[in-house]
Amino acid sequence: MAVKELRAPEPSAAALSAEVDRLTEKGLADLGFQDAELEKTARLTWKINVLKKEKKAIIPAHVYQRAEVILGVADMIGDSYKLAKLCAESRAERVVFCGVRFMAETAKVLNPEKEILLPAPEAGCSLSESITAAQVRALRSTHPGAPVVTYINTSADVKAESDVVVTSANAPKILRKLYETHKKIVFIPDEMMGRNLARELGKTLGNELVIWEGSCMVHDNFDAASVEFYRKMYPGVKILAHFECSPGLVSVVDFIGGTGDMMKYVDDNKAPAYMLITECGLGDLARTRFPQKAFVPMCRLCPHMKATDLSRVLRALERPAASSRIDVPEAIRERARRPIERMFELAEDGSAS
Ligand code: 13P
Ligand code: SF4
């Protein structure tokens with residue numbers, strides 16, 4: 001079903017001023033947006049919000065997205081797991097996915113009847129690009145009988161070759177569960193996360209846990225040595241790192257997990273300050289959600305995540321480029337769906353620890 005071209009109207013002066021107030025209230029001014037920038041942003045968010053209702057669209061946004069996308073137009077905000085789950089449950093006719101390609105593809109696999117639009121169609125992921133379906137087939141024949149557990153940061157083609165998909169929010173739980181019935185597991189494609197999982201679960205690399213050499217270009221080389229420097233500078237600071245960081249870094253921090261777990265940790269604790277070692281978007285969001293808490297910066301930008309801006313979101317609603325429409329061939333979609341659904345079952349199975 002093609003999206004009809006439909007231009008958003010211009011906001012009246014009163015509507016624009018109310019939108020500036022709304023964005024200020026949401027925390028954009030506290031993140032450094034000046035008056036002129038706020039007004040420009042408000043014009044775009046107002047138009048997007050009008051148009052998304054007319055088009056019966058929803059806008060999920062990953063926590064690494066730009067603050068104005070998250071705070072101005074997103075209907076659902078979360079980590080990879082939460083967004084996949086919410087998209088699967090949504091009744092909207094179309095989804096304008098503010099994230100990267102593998103996330104939009106996952107949404108399409110779970111919602112074949114919906115139109116899925118990716119405002120920045122070139123937004124990839126270094127992990128997703130590190131492995132092909134043919135390479136997964138080769139791994140499977142080298143390690144017969146070992147389940148292939150695939151990080152969600154992969155293409156639909158790769159998921160179609162997999163037994164179970166995992167995210168950073170549930171990988172340890174799902175692997176623990178699978179080890180109850182298997183001695184060896186193949187985990188792809190994040191090498192760092194694979195090493196972190198082997199350490200956490202007490203499994204030997206290469207033997208009990210076979211891993212791949214993919215890495216996240218944002219998380220793979222944060223400097224472990226500077227963590228000690230920051231600890232001295234900010235006594236009591238709690239240092240949190242994403243699961244995709246190197247084992248060297250992970251071994252000197254207070255907490256590792258996915259972005260959702262990191263936010264929960266900040267919410268649940270009463271430390272004098274927090275350092276979130278991950279993509280910078282999470283720190284921006286944490287500062288707006290917990291304005292009374294202090295954050296020490298140590299982050300990097302993901303060029304893929306930051307490729308989506310408000311004008312591209314508006315364009316996706318008004319007159320989407322053909323390249324923004326996400327399609328997954330039927331045969332792949334069916335095979336990719338099973339390991340994702342398996343993840344939902346295992347992640348929500350209360351008996352797994
Ligand atoms: P989360 O699932 O933890 O949000 O991670 C997604 C991602 O791309 C991390 O780099
Ligand atoms: Fe991929 Fe890393 Fe960017 Fe996440 S932060 S989308 S894993 S490149």
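Nothing in this text is a laboratory measurement; each read-out follows from the coordinates by a stated rule. Being a predicted model, the structure only gives us computed values, none of them experimental. Every residue, glycine among them, receives a Cβ derived from its backbone with ideal geometry; neighbour counts consider all protein chains shown.
Using the Cβ-Cβ distance between GLU39 and GLU89 with R0 = 41 Å, the FRET efficiency computed as 1/(1 + (r/R0)^6) comes to roughly 0.70. Comparing region 197-353 with the 2.2 N^0.38 Å rule of thumb, its C-alpha radius of gyration ratio is 1.28 (two decimals).
Each residue, THR24 and ARG7, gets one label point 7 Å from its Cα in the Cβ direction; the gap between the two is 3.0 nm. Relative contact order for region 1-123: 20 percent, from Cα pairs under 8 Å spaced at least 6 residues apart, divided by residue count.
Would you be so kind as to identify which of ALA123, ALA74, VAL158 lies farthest towards the positive end of the dipole of the chain, taking Lys and Arg as +1 and Asp and Glu as -1 on Cβ and the Cα centre as origin? Highest projection toward the positive end goes to VAL158. Annotation: amide H-H contacts under 5 Å for TYR274 (H modelled 1.01 Å from N, sequence separation of 5 or more, or interchain): LYS238, ALA294, PHE295, VAL296. Each Cα pair under 8 Å and six or more residues apart adds its sequence gap; the mean of these over the residue count of region 93-144 is a relative contact order of 37 percent. Helices in the chain, meaning DSSP H runs of at least 4 residues, each add -39500 (n - 2.57). Divided by all residues, the mean residue ellipticity at 222 nm is -13000 deg cm²/dmol. Would the chain count as rounded, prolate or oblate if I go by the C-alpha gyration tensor, calling it rounded below 1.5 in a/c and otherwise prolate when a/b exceeds b/c, oblate otherwise? Oblate, since a/c reaches 1.5 and b/c is not below a/b. Taking the average, over residues, of other Cβ atoms within 10 Å as the packing measure, peptides 153-166, 134-147 rank 153-166, 134-147 from highest down.
The mean sequence distance of close C-alpha pairs (under 8 Å, at least 6 residues apart), as a share of the length of the chain, puts its relative contact order at 22 percent. Other residues within the sphere of radius under 15 Å centred on the Cβ of PRO247, judged by their own Cβ, net out at -4 (K and R +1, D and E -1).
Each residue of region 1-125 gets 114 Å³ once the volume of the Cα convex hull is shared out per residue.
Each part reduced to its alpha carbon centroid, region 105-180 and region 312-335 end up 19 Å apart.
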